[in-house]
Amino acid sequence: MCEHIEDFHRTVLMLGALALYAELPGADDDFIDTIGPSLAASLPEPPPGMFPPGYDPIGGTDYPGGS
């Protein structure tokens, strides 16, 4: 797998793990507030084929496949 795709998937997994951690009782809100935006900012461009052809995340539908 291409390093770019691996970076994307790894970052998405870390964001998911952080979201799960945030729901745990006693989760450290300062940690979440610090790490969440940093992970999101480090998220690379999605790999080709992630979204359907012509999908526009800015001016398109709210989600892929939506109307």
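General observations
- The set of residues in region 1-12 that are loosely packed, with under 11 Cβ neighbours inside 10 Å and not charged (D, E, K, R) comprises Met1, Cys2.
- Of all residues in region 1-50, those satisfying the criterion of being among the hydroxyl-bearing types (Ser, Thr, Tyr) and under 12 Å from the mean Cα position of the chain (by Cα) are Thr11, Ser38, Ser42.
- Restricting region 16-50 to residues that are under 19 Å from Glu6 (Cα atoms) and not in a helix (DSSP H, G or I), the residue that is least open to solvent (accessible area, probe 1.4 Å) is Pro47.
The values are calculated or read from the model by the stated rules, or taken from the named source; none is laboratory data. Bear in mind that the values here come from a model prediction, so they are computed numbers and not experimental data. Cβ: placed from backbone, ideal geometry, glycine included. Neighbour counts: every protein chain shown. Protein only, heavy atoms only, side chains kept; ligands, DNA and RNA dropped before computing areas. Shrake-Rupley method; radii C 1.70, N 1.55, O 1.52, S 1.80 Å.
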